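Data block below; observations after.
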Amino acid sequence: MTTTSDPAPQPRTSTPATQHRTRFFDHRIPSLHAGRYRIDNRHTFKDVSGADRVIDATPQPFDVVEPRFSFDPTGINAQFPVPDAVGTYSQTLAHINLDAPGLPWNRLLGEGQPPAVPWMALLLFRENELPEDPDAVGLVKTGTVGALLNGDHGDGTPPALLPQSLRPGECDEQCASIFVPKDLFDAVKPLPSEMAYLAHLREGGRPDATRAGDTPAPDEGELNAVLVANRFPDAAGGRHVAHLVSLEGHDQYLTAPAPANGVRLVSLTSWSFTTEADSGVGFGDLAHHLASADGINPRPADELRLRVPVPGPADPSTEQAEAVSRVQAGAVALPQRLETGERTFAFYRGPLTAQPARNLPAAAAARLESPGEALIYLQRYGVFDAAYAAAFTTGRTLALADAEFRSALLEFRSAARTAARRLASHPELAARATSALSARQLTAPLAYEAFDRLLTEGDARSGGARLVQALDQAGPQLRAGRRRTAARTRRSPGDVRAVLAQPGIASLLTQAAPDTFAKVTAWLDALRRLELLSLSHLIPDPRALPAESIRFAYLDPAWVRAAVDGALSVGVGHALDADLNALAAGGGPVAKCAVLINSSLVANWPNTITTAYAGADVVEPVRDVVYGTEIRLLLYPLLIDRFELAEPPRGLCFGISDIGTIELRAISGDQIGRPLGEFPPRESRSDIFHGFARFLRPGDHDVLNVDGTGDALLPALSQAHDLTGAQRISSAQFALQMINAPQAQTFSRP
């Protein structure tokens, strides 16, 4: 099977079995922010003389109460990475999903801050960064709000909150806080404008919102607030802790240096996880390497075929061209010793071929009876093609090695032989073969049935059953001196093999021993699915499937049929046994093509999704098996046009792919979210991750430069979507771009 590869892994875009909608919204601005308010009423009475009278009513204070220093942890819908998780997360931005959709915007960050800027942010810290939590396990200082504001929680400048903004009794509430040193806070703090892009609303629900021109209102029951961290975990690995912090009262330090003594932040919630050292090789890297040697250009189609790569001479002779042609078709040259003692070589291959197998000449018989019949002699070159002969011997060897199959085959043929001979000797049974003849009548002793007929058959008017009539007449006949003589007749057994050609007889004989016949056909079907063959039968030379490679192949049905004939040749004593083999040789269909993967993907991502297509239709494999730990074989009943490797599914998360890019997605039109290609575009393999490093702040803290000075991500994404001037993508559109979707690699047959 010849293939070409798409140039890069792409997010999986095939339609899932169950449709689901995901929409993003920028924010939820309340009609009235949390805080303390007062209603003042004034009545003015107009006097005709011009002297107005003003009456001021008693002021009515009220509070809009929302979480400020803590909130109910049951309101957390999800966290990623999940608490205490262990994995490779160095390319993932941690995020938290809150049930209350308006929580991040229910109060203002500070005076003069736009309402779209949330008052909370998700900050990520590593081991030995927080003095009060060097192991990054989530240690916090706890105490009252009043103690926090008075600086009694410990080091660091507390939030600068106006006393009149506190509700009565609020100072007595409990809260948790963390101390962040000045340099660390200045390195990881988000800008207010960035905070607006690191928070958004997510809605999931019915798929009807994806219809063109149909934009229903958000489903309130499906809305969640999402806050995303602006920092990647350490590629060297280690423990990390994520804190959802309140930046209210610290907004002045977001655009100016923090105090020399650092800051003390309210920690609304926290969790920790461990990231393993990033080897630099992930699912996307491995999948992409299968399709591209240099990371940019797809591998040639010939390189993806199952065969030993043997370069041919520039100007081959006829003999050389023939040898190269056979090797290119998937054969290998092996030493051979002839029965005469001569030593030569022969071409051999298994059932998998790099090219469609050549058509064989018409067979002299319906089946092979020996490996010699399957040996192909290339007279012009004086060598042999032993593929089919080896297939016959392989099938025969496997059958001889399996005592259960061997016994079942011999028992079936014995029962079928007996039944066939009975039908040949008793034409009246053969005449009933297509109607009421049962399996018991093929196997039960005929003497029993003859005695049953004596008891039941006869003329009721003349005395009933034939046996009763005979006994009644025997005494008078003997007394009269009469003896009954009957002419002895000998039944001709007839042509037993001819019986098999009669309509309905063949299928009836399979019922002579139905259990053993089922065992035989099941074993042969397993052989057709290549389940009984070792990897060396399929790949005679390991160079045809080197490490970290994918290969496509055709299946040769003639090879499989030769193996089946070899298995059925066991115990054949005469022509009738060979004819009975045809009853079991039908079996299921043979697969048309195969995909073999030799990669650490198989061991490290055992739940990798493989999808094959024939046109627009998905083709399910007839077999999917792993040899050892890193070689996976998939057999398909149809010739496939496209094959896709997809990373195992996971929850929605944000970050960059294994190949160091994000997937640019459409932000308008009828197909919002449609993949548009890699961003930033890579020019070479060396651009992996280093290409995206241009959007990181200086200082080796792996903090994303969303909208700061220098080369920021937000303006670059806006430009990639052809937005000019002051136009920018929104926070919801930014979230859409940063989705770290499972990677997929597609191979297409030209």
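The values are calculated or read from the model by the stated rules, or taken from the named source; none is laboratory data. Since we're looking at a predicted model, the values are computed, not measured. All Cβ positions, even for glycine, are placed from backbone atoms using ideal geometry, and neighbour counts span all protein chains on display.
Structure data summary
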{"read-out": "Residue selected from region 692-713 under the condition farther than 16 Å from Ala121 by Cβ, under 33 Å from the mean Cα position of the chain (by Cα) and at pLDDT 90 or above, by the criterion surrounded by the most Cβ atoms within 10 Å (Cβ to Cβ)", "value": "Leu713"}
{"read-out": "Test: Asn106 is farther than 26 Å from Phe273 by Cα and in contact with an Asp or Glu (Cβ under 7 Å, 6 or more places away or on another chain)", "value": "yes"}
{"read-out": "Residue count, region 564-593 (criterion: of a type in the set (Gly, Ala, Ser), outside any loop (DSSP other than H, G, I, E, B) and more than 22 Å from Tyr388 (Cα to Cα))", "value": "1"}
{"read-out": "Which listed residue, of Thr255, Thr157, is modelled with pLDDT under 95 and among the β-branched types (Val, Ile, Thr)", "value": "Thr255"}
{"read-out": "Count of residues meeting criterion [touching a residue at least 24 places away in the same chain (Cβ under 8 Å), surrounded by 10 or more Cβ atoms within 10 Å (Cβ to Cβ) and not in a loop (DSSP other than H, G, I, E, B)] in region 20-60", "value": "8"}
{"read-out": "Region 128-165 - residue that is surrounded by fewer than 14 Cβ atoms within 10 Å (Cβ to Cβ) and of a type in the set (Asp, Glu) and, of those, farthest from His33 (Cα to Cα)", "value": "Asp135"}
{"read-out": "Residues within region 620-644 that are within 14 Å of the chain's Cα centre (by Cα) and surrounded by 15 or more Cβ atoms within 10 Å (Cβ to Cβ), tallied", "value": "5"}
{"read-out": "Test: residue in region 307-318 that is closer than 19 Å to Ser748 by Cα, surrounded by 13 or more Cβ atoms within 10 Å (Cβ to Cβ) and either touching a helix residue (DSSP H, G or I) at 6+ places or on another chain (Cβ under 9 Å) or not hydroxyl-bearing (Ser, Thr, Tyr) (or both)", "value": "yes"}
{"read-out": "Members of region 504-555 found to be β-branched (Val, Ile, Thr), part of a helix (DSSP H, G or I) and over 33 Å from the mean Cα position of the chain (by Cα), listed by number", "value": "Ile505, Thr516, Val520"}
{"read-out": "Filter result for the condition that a residue is basic (Lys, Arg), within 21 Å of Thr394 (Cβ to Cβ) and surrounded by fewer than 20 Cβ atoms within 10 Å (Cβ to Cβ), over Arg358, Arg343", "value": "Arg358"}
{"read-out": "Of all residues in region 256-279 being surrounded by 19 or more Cβ atoms within 10 Å (Cβ to Cβ) and of a type in the set (A, V, I, L, M, F, W, C), the one that is nearest to the chain's Cα centre (by Cα)", "value": "Phe273"}
{"read-out": "Any hit, region 261-284, residues being farther than 30 Å from Ala603 by Cα, assigned by TED's automatic domain parsing to the domain that holds Tyr381, in contact (Cβ under 8 Å) with a residue 12 or more places away in the chain and assigned to a strand (DSSP E or B)", "value": "no"}
{"read-out": "Only listed residue being part of a loop (DSSP other than H, G, I, E, B) and either of a type outside the set (Phe, Trp, Tyr) or in contact with a Cys (Cβ under 6 Å, 6 or more places away or on another chain) (or both), chosen from Leu638, Leu634, Leu596", "value": "Leu638"}
{"read-out": "Any hit, region 112-127, residues being among the β-branched types (Val, Ile, Thr), in the same structural domain as Arg239 (by TED's automatic domain parsing) and buried (at least 22 other Cβ atoms within 10 Å of the Cβ)", "value": "yes"}
{"read-out": "Residue ID - nearest to the chain's Cα centre (by Cα), chosen from residues in region 372-409 that are assigned to a helix (DSSP H, G or I) and basic (Lys, Arg)", "value": "Arg396"}
{"read-out": "Failed condition for Trp119, given (1) modelled with pLDDT under 95; (2) under 28 Å from Ala34 (Cα atoms)", "value": "(1)"}
{"read-out": "Selection count where residues are in contact with a strand residue (DSSP E or B) (Cβ under 8 Å, 6 or more places away or on another chain), assigned to a loop (DSSP other than H, G, I, E, B) and in contact (Cβ under 8 Å) with a residue 24 or more places away in the chain, scope region 308-338", "value": "4"}
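The rows are residues; the columns are (1) within 22 Å of Ala735 (Cα to Cα); (2) buried (at least 19 other Cβ atoms within 10 Å of the Cβ); (3) at pLDDT below 95.
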position: Asp183; (1), (2), (3): no, no, no
position: Leu198; (1), (2), (3): yes, yes, no
position: Arg202; (1), (2), (3): yes, yes, yes
position: Arg206; (1), (2), (3): yes, no, yes
position: Ala212; (1), (2), (3): yes, no, yes
